[in-house]
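Please treat every number below as a calculation from the coordinates, not as lab data. Values in this document were obtained by computation on a predicted structure and should not be read as measured data. Cβ placement follows ideal geometry from the backbone for every residue including glycine, while neighbour counts extend to all protein chains displayed.
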C-alpha cells in the first residue's frame, strides 16, 4: 500500500484567513472604518480653517470700514449693536434679536451700519436689501449705511415711508 503524499507545512502565514459574512475579514472592516474616520477628520479640519480665514477677513474688513466711516465724518457710537424685535404670528408674539455691525452718527442723524466684503456689498443683492430693511425697522432709523469694505464705498440706503402700490396680476 502506498501512502498518499502529505503536503508540506507552510506555516500559518500562508494559510487562508478566516473570512466573515461576505468574504471580508476583520482587518478589512477596520481599514474601511479607519479610512472613513480619517477622511471625515480631514474634511472637518479644512472646514474649520475656511471658517477661521473667513472670520479673519471679516474682522479686517470691519476695521477698514470703521476707519473709512471716521475719515468721512461719522462718529462710531457702538459696535455689534443688538435690538429685539417683536412680531405677531398667528396671534402669538414672537421675539427675535437683530444684530447690526455698528451704530454711527453724523451731524444729528443716527445710522445703522452693515459692513460687507466681497460680492454681497451692493444694494442690488436681494438678501442684503432685506437685511437693511430689517435694520431700519428694528432700530427705528430712516437711513442705513451699507459699507463696501473691499471697494471703500459707503452707500446710504433709505426706505420711503409711503406705500408703493402693488403691481401684481
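Odds and ends about this structure:
- Efficiency of FRET from Cβ geometry, residue 37 and residue 72, R₀ 41 Å, rounded to 0.05: 0.20
- Averaging Cα coordinates gives a centre for region 100-161 and one for region 54-97; these two points are 9 Å apart.
- Estimated FRET transfer efficiency when R0 is 45 angstrom, pair residue 125-residue 27 (beta carbons, to 0.05): 0.25
- Residue 94/residue 158 FRET efficiency (R0 35 Å; Cβ-Cβ; nearest 0.05): 0.80
- Taking other Cβ atoms within 10 Å as a rough exposure proxy, 92, 45 sort from fewest to most as 92, 45.
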